[in-house]
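The values are calculated or read from the model by the stated rules, or taken from the named source; none is laboratory data. If you're wondering where the values come from, they're calculated on a predicted model, not measured in any experiment. Note that we place each Cβ from the backbone using ideal geometry, even for glycine, and neighbour counts take in every protein chain shown. With ligands, DNA and RNA removed, areas are computed over all heavy atoms of the protein, side chains included. Shrake-Rupley method; radii C 1.70, N 1.55, O 1.52, S 1.80 Å.
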Amino acid sequence: MNSKLRDIALWFDDRLQISKVWNATAGHHIPKSSASWFYVFGSATMICFMIQVLTGICLALIYQPSAEEAYASLLYLNYEQPLGWLLRGIHYWGSNFMVAIMLMHMTQVFMFGAYKYPRELTWVSGVILCLLTLGMAFTGQVMRWDQDAYWGLGIGVAIMGRVPFIGPELTHMLLGGPIIGGETLSRFFTLHVFVIPGGILALLSLHLRMVLNKGINEYPEVGKPVVKETYVEEYEAQVKKDGTKFFPDAIGKDLVFGGIVIGLVVMCAILFGPKGPEGIPDPTLIDASPRPDWPFMWIFALAALMPPYMETVVLLVGPVIGIGLMIALPFYDNVGEKKWTIRPVSVLVVIMAALSLGTLTWYGVTSPWSPEMEAWSSEPTPSHLLEGRTPLELQGAMVLQYKQCRNCHSLDGIGGKRGPDLTDVADRLTHDQLVRQVVQGGGNMPAYGQNLSPAEIAALVAFMETLHADGRLPAQRATNLQNSDRVPSLEN
Amino acid sequence: MSDECPHKPSEEKTPSADNGAPPGSHPCCCGGGGGAKKKPMSPERRNFMLKFGMGLNVAAGAMIGIPIIGYLFSAFKKESPQVWISLGAVDQFEVGKIKMATYVNPGAKPWDGKSSDIPCWVRRKSKTEFQIFAINCTHLGCPVRWFEESKLFLCPCHGGAYYENGDHAAGPPPRGLYEYENRIVKNELQVKGGQIPTLSQPV
């Protein structure tokens, strides 16, 4: 019986040539040193992609890529379709993990010098795969057809619209028309489901093919620089002398890490569920405070913190330079040492990139530059700032509340963070400076001169003059103290 | 399989026989396709078929490719899609006040749902003068909100602020609010809309 099964297996293998392909791919030899825990991120990214394909196909069974029905179909997936919430959750968390692990993979490849000769194209295809993955993240955010998706597109349009000469045509191409609408969603659906995944599959094959062709990077060692003339020979000698089969000897760590990743994705999906959909995608409901998903938060933050004159250049030229440098990397740093311990510049690059992207993302999440649109009506004035105040000052407290000052300025830390906290404003500004700031604005504050009556300004400033920290003197003029009628008396 | 075997030797022989002689001089070639059935194809003829086949496929590719490109780039047109759209009776807007109004995207598709409703801010300056602002902040397109009490438009994204007349007041926006054209026809306010405003095409 056994031999009969064997015969059948051999018959199939003779036709399908499975064992030949398997031995040439999974069974290929790699340097023993590469069977390392540092080398598991690539396969884990691919596993995430497989999760995405699988759950994506399932979601497409229900999802309606129509502007009218997408939102309802998302709610149906969340609440009515059995396990729909879980699949949406896995798809969402799978995308988060895919982006995160892909970045780790990229960092590792960069730090280990794996992009150097002869693996230039492996790196270049990886850079394009990175861009395609980010493209999936952005188009996926649009699939969640809610307020954030709608206004997120608006942000995309505003950036595209800055392109000189062909700006309008580009926005039309992006949206499928002059305004965000049904065609926009269909367009992004096509990109998200057909075009970009197709590109990822094609480039992934190339990426893997290159790993087989040129061998996985050996674990770098100090004193073994890449020399074009001898590298391939040395690598092959190393594999011959000290090689091991990828399957079954080296794949174990990949499997363990991949399994953990899948487990984490499912666990996050169960614990935190899918994201959204949040507000109804009705453009006339404008109580929206759009925020992009975290992979794009740093761009959102950058847009807030840049001086306006730099914006268009940075938003349009920045990506070209950034991507260009990434693609060019293996060509201007082609040979030499690989070990990160003696490549301080690359370590610095990674630290700088991580710090700046991390900081910008953190600022994007907290976004202290965004006014809190409801603070003026939802947050009461702290009562200890009102006790013992004169009627005029109390009137000023009302002006401060009623004129939306709290949307940008907090009292006791509650309210917008766009402008400075006003709880101790009188420690910093004198009476005259307060008047000037209110009337003329400045910094990021609009001028209120036309929007407040003189009486309102007088009351507001009177109230703000009472706002100073206990035990601290109010702000005072640095010049002409003796002539001023506002010299604070130190004896009191 | 078995009936091909006899011809193999002749196939192998032909190229070697052709090698020496200049093309065309070989007696077999003069006959062209009309020759004997089993006669091997000459190199030029094979070449001709290759070229002809490639040409045919380029033509066929263009027949499919040109319509596809035309289809895809149909959104890429230059002329402005803006038309006059009614916002309703003039009287619903109070003099000196700012109010949100909605128009239906003139290019709307039947499956657009709510996304075809486009909001805008209408300011009635006087009995006959109106200003209609796009909802989109000029910085990054987020929806600006009007605050009647402080007479300001505020943007929830990066804190851009605009005055009542649309002028830039504070924050990162590079210019004032985008303003649509408007006109009054028979006591009805009309807006010229149909295009999302951007810095390179500010309505």
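Being under 26 Å from B:Ala161 (Cβ atoms), open to solvent by 70 Å² or more (accessible area, probe 1.4 Å), at pLDDT below 90 and not aromatic (Phe, Trp, Tyr): is that true of A:Asn451 here?
The answer is no for A:Asn451.
Restricting attention to region B:92-139, report how many residues are away from every other protein chain (no Cβ under 13 Å), open to solvent by 60 Å² or more (accessible area, probe 1.4 Å) and among the aliphatic types (A, V, I, L, M).
1
Identify, from the list A:Leu185, A:Leu134, the residue that is in contact with a Pro (Cβ under 8 Å, 6 or more places away or on another chain), surrounded by 22 or more Cβ atoms within 10 Å (Cβ to Cβ), closer than 19 Å to A:Lys275 by Cα and modelled with pLDDT of 90 or more.
Matching residue, one of A:Leu185, A:Leu134: A:Leu185.
Going by the structure shown, is A:Ser370 in a loop (DSSP other than H, G, I, E, B) and small (Gly, Ala, Ser)?
When the stated conditions are applied, A:Ser370 passes them.
So which residues in region A:402-422 are surrounded by fewer than 20 Cβ atoms within 10 Å (Cβ to Cβ) and more than 18 Å from B:Trp146 (Cβ to Cβ), if there are any at all?
A:Asp412, A:Gly413, A:Ile414, A:Lys417, A:Pro420, A:Asp421
Considering (1) part of a loop (DSSP other than H, G, I, E, B); (2) more than 17 Å from B:Tyr180 (Cβ to Cβ); (3) within 27 Å of the chain's Cα centre (by Cα); (4) more than 8 Å from chain A (Cβ to nearest Cβ), say which one B:Pro40 fails and leave the rest.
Unmet condition: (3).
Do we have B:Asn182 as more than 10 Å from chain A (Cβ to nearest Cβ) and in contact with a Leu (Cβ under 8 Å, 6 or more places away or on another chain) here?
For B:Asn182, the condition - more than 10 Å from chain A (Cβ to nearest Cβ) and in contact with a Leu (Cβ under 8 Å, 6 or more places away or on another chain) - is met.
Which condition number in (1) facing chain A (nearest Cβ under 8 Å); (2) at positive phi; (3) open to solvent by 20 Å² or more (accessible area, probe 1.4 Å) is the one that B:Leu199 fails?
Against the list (1) facing chain A (nearest Cβ under 8 Å); (2) at positive phi; (3) open to solvent by 20 Å² or more (accessible area, probe 1.4 Å), B:Leu199 comes up short only on (2).
Given (1) loosely packed, with under 12 Cβ neighbours inside 10 Å; (2) touching a residue at least 24 places away in the same chain (Cβ under 8 Å); (3) away from chain A (no Cβ under 14 Å), where does B:Val58 come up short, assuming only one miss?
Single failed check for B:Val58: (2).
Considering each of A:Gly198, A:Gly215 in turn, give the residue that is away from chain B (no Cβ under 13 Å), modelled with pLDDT of 95 or more and either crowded, with 19+ Cβ neighbours inside 10 Å or more than 22 Å from the chain's Cα centre (by Cα) (or both).
A:Gly198
Restricting to region B:140-163, give me the number of residues that are facing chain A (nearest Cβ under 8 Å), open to solvent by 10 Å² or more (accessible area, probe 1.4 Å) and over 34 Å from the mean Cα position of the chain (by Cα).
Matching residues across region B:140-163 total 4.
Looking only at region A:10-44, which residues are open to solvent by less than 20 Å² (accessible area, probe 1.4 Å) and part of a helix (DSSP H, G or I)?
Those that are open to solvent by less than 20 Å² (accessible area, probe 1.4 Å) and part of a helix (DSSP H, G or I): A:Ser34, A:Ala44.
Restricting to region A:425-464, what's the tally of residues that are among the aliphatic types (A, V, I, L, M) and within 14 Å of another protein chain (Cβ to nearest Cβ)?
Selection size over region A:425-464: 7.
Return the residues of region A:144-190 that are touching a Phe, Trp or Tyr at 6+ places or on another chain (Cβ under 7 Å) and either among the aliphatic types (A, V, I, L, M) or at the interface with another protein chain (Cβ under 9 Å from one of its Cβ atoms) (or both); say none if nothing qualifies.
Within region A:144-190, A:Trp145, A:Glu169, A:His172, A:Met173, A:Ile180, A:Gly182, A:Leu185 meet the criteria.
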